[in-house]
Each structure stands twice: as C-alpha cells, then as structure tokens.
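Input: a single structure, listed below in structure tokens.
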Ligand SMILES: *Cc1c(COP(=O)(O)O)cnc(C)c1O
C-alpha cells in the first residue's frame, strides 16, 4: 500500500535502514555524533539562527505543541489563536488548559483570516502569544506565515507556528521572519516514522521560559532539556530522559537528505502544481479558497454523486488517502498528501493520480484517467 495520507508518509530507503537498526546506547560515540548533527541540521532546515534552540523529544506533534505552550505561557497570560481548522481548535484548548485567556480569529473552513484581521485583533488585546497553524491538515489551507510572524514580531508578541504539516515542505525562514517557535513531528514532511516531537525555539522563546513563574511539568520543561541538548550538540553525552536513539539517528539521516532546503521547498511547490492540474482535469475542486492551497497536501471535494466510499475504492487500487477531518464538512471531501520522500518519486505521484482517477470512474464519476496522469507526468 502506497501511503499518501498527510502523515505518516513514505520514507526514503536510507531513513528506513537507519530506523530499522538495533537500538544504540545513548552515550555511544556514534549516537552522540548523530544527535549533535541532527540538532545542527534542524537549524538549517528551520533557517534558524545560531542562538535558537532546537529541541528533539520522543512524542508527536501534539507534544511539540504542548512544549511550546507550557514554556511560553503561564496561567493568566493572554493568547490569540489564528484558527484555520481542527488543529487551531486543539491549540486553543491546550492554551485554555494552561490557564491562558484565549481569543481567536477564525475563518470559514477552507479560508484563512486576513492579515489585516489578525493585525486588528493583535492591536485590540494585550497578547503575550499568537499561535498559528502554518498548514491546517484538516482543510489544506496554508496561512501567510511570513506576514503573520512579522506582525507579531513588530508588536513584541511571541509567535508559535504549528508546522506539523508544513515544516520541510513549505517555505519558512524562522530567523528572517522573527518567528519564536516552529514545531513539527517526525512523520510529516520531515519523512521519518512517527515518534519524535521536533521544535526550534528562538532566543526570545527561551527567555520567556526563564521568566515564567509557573514551571512547566518536568518532561515538557525546556529548562530540563536545554543543558542536555547543548551537551549533545557539543558532542558530549548527558542524561535527563533516554532519547529515542534509533529515531534520532534516522532523523540525522533524514535531515541530511534535506540539506538543500530551498530546492526541497521548490520541489514541493512544483509537485503541488502538478497534482492540482490533475485534480482539475478530473473535474475536482479544492476545499481551500484560491491561493490558499498548501503544497504538502490537497483537500479535495467529492464530486457530485460521490462520497466517502471513494477513499475505499482508492485503497483497493493500492493507495492510501485520507477522508475529511474538519468536523463541519467531514463527509464532503478527502485528502491526499504529497510531501517528503514521495515528492522525489514520480512513480508515487503517477500511481496516486491513476488510483484516484480510476476510483472516481468506478464510483460513477466520468473523467479521463489518462489525461489526468499525463497532466502530472508533464509537470514533474
Ligand atoms: C498531524 C498534526 C498535528 C498533530 O501531530 P501528532 O503527531 O498527531 O500529535 C498537529 N498539527 C498539525 C497541523 C498536524 O498536521
């Protein structure tokens, strides 16, 4: 089964080999080198400055969100959530549980609040933190991270970007844009199996943790992790809680494949254009409004007369895609991931479009299978 959901995704042979190796000791010289190198490579992929702190903790994207929330905020703080769907709701709930007062700027599913709306909201409240989902996996909407990061920076508001479906697939320049946290998980565009929470925190974010009166729970606390991360980056072992040695090694290998990150971003944009051309040939429309569609996945409306049975028909043709996720229109659309390793595999992309097209025909939607495959093939 070809895994074309918005994470977990197909992984490269080199990453698979690293991830399948027997576990290494967390104090072995080979592991220390992988850990230190992975931290350095995160700075490159995130385009973060030398004073920013990369963090690797065993867990998922939700844990990375929680680490950001618990180190930047404490009860009584105020936060603005730019909400574009399911993961914005999750962020708001998480902040509220931390005792933070949360306001939200929302948009209809498939849309995004305008930069002006966010600027007005920021100016109307005394916010410590603004949280944004870079790509909302439930709607396939990409927010204008550059503009939003700069809005927050100009107002001295700390910004958290949930990049779980974006990091290493969508352009992001942490240092130049002045973003404070950019977080993801290993199983999305980074291209690893699930299991690691990954984030980079700016010097301002690190200072915000130091200034907290209410400490985060111990395993989420940057103050616990920072000395460990610094030691490994200086190629010295250290211990707080055993790192996921196999996955950290695989991370070093995976990030090594993303060394030319600008080329990786450009490839995702090219592949997304190709996939969108195919959907158009098939008579399909996207859930995101014009200009807001992410490069890492497509959220596609079912055509007239077709419903959730389509994803089963696609699976029957060897390709796993995902159903809808946004609670308001779950049964009206499906999602196809096109990020990470598969963007370097034209055969994955062609098989996916063929499976979707043939499944559509099988479900009674008339369309030209070969023309759709050709539309992709000529663009990648
Ligand atoms: C997948 C995802 C998450 C959650 O990540 P988990 O690893 O499932 O905890 C959070 N935010 C976004 C945007 C995601 O796509």
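Quick notes on this structure:
- One residue stands out among those in region 139-172 that are part of a loop (DSSP other than H, G, I, E, B), in contact with a strand residue (DSSP E or B) (Cβ under 6 Å, 6 or more places away or on another chain) and under 15 Å from residue 121 (Cβ atoms): the one that is farthest from the ligand (Cβ to nearest atom), which is 157.
- Any hit, region 53-76, residues being surrounded by fewer than 22 Cβ atoms within 10 Å (Cβ to Cβ), farther than 30 Å from residue 258 by Cβ, free of Cβ contacts under 8 Å to residues at least 60 places away in the same chain and assigned by TED's automatic domain parsing to the domain that holds residue 35: yes
- Restricting region 78-89 to residues that are over 13 Å from residue 161 (Cα atoms) and within 9 Å of the ligand (Cβ to nearest atom), the residue that is surrounded by the most Cβ atoms within 10 Å (Cβ to Cβ) is 85.
Yes/no matrix, rows are residues, columns are (1) touching a residue at least 24 places away in the same chain (Cβ under 8 Å); (2) part of a helix (DSSP H, G or I); (3) surrounded by 20 or more Cβ atoms within 10 Å (Cβ to Cβ):
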{"site": "227", "(1), (2), (3)": "no, yes, no"}
{"site": "238", "(1), (2), (3)": "no, no, no"}
{"site": "242", "(1), (2), (3)": "yes, no, no"}
{"site": "246", "(1), (2), (3)": "yes, yes, no"}
{"site": "249", "(1), (2), (3)": "yes, yes, yes"}
{"site": "259", "(1), (2), (3)": "yes, no, no"}
{"site": "269", "(1), (2), (3)": "yes, yes, no"}
{"site": "291", "(1), (2), (3)": "no, no, no"}
{"site": "298", "(1), (2), (3)": "yes, no, yes"}
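- Among (1) within 23 Å of the chain's Cα centre (by Cα); (2) surrounded by fewer than 16 Cβ atoms within 10 Å (Cβ to Cβ); (3) not in a loop (DSSP other than H, G, I, E, B) - the single one residue 327 does not satisfy: (3)
- Selection within region 88-102 - more than 15 Å from residue 121 (Cα to Cα) and out of contact with any helix residue (DSSP H, G or I) (no Cβ under 8 Å at 6 or more places or on another chain): 88, 89, 92, 93, 96, 97, 99
- Residue 10 over 30 Å from residue 126 (Cα atoms) and surrounded by fewer than 17 Cβ atoms within 10 Å (Cβ to Cβ): no
- Residue satisfying condition, being at pLDDT 95 or above, outside the structural domain of residue 138 (by TED's automatic domain parsing) and either more than 30 Å from residue 142 (Cα to Cα) or over 15 Å from the mean Cα position of the chain (by Cα) (or both), within set 248, 271: 271
- Which listed residue, of 197, 231, is surrounded by 21 or more Cβ atoms within 10 Å (Cβ to Cβ) and either at pLDDT 95 or above or out of contact with any strand residue (DSSP E or B) (no Cβ under 6 Å at 6 or more places or on another chain) (or both): 197
The values are calculated or read from the model by the stated rules, or taken from the named source; none is laboratory data. Treat the numbers as computed from the prediction; the structure is a model and nothing was measured. No Cβ is skipped: glycine too gets one built from the backbone with ideal geometry, and neighbour counts run over all protein chains shown.
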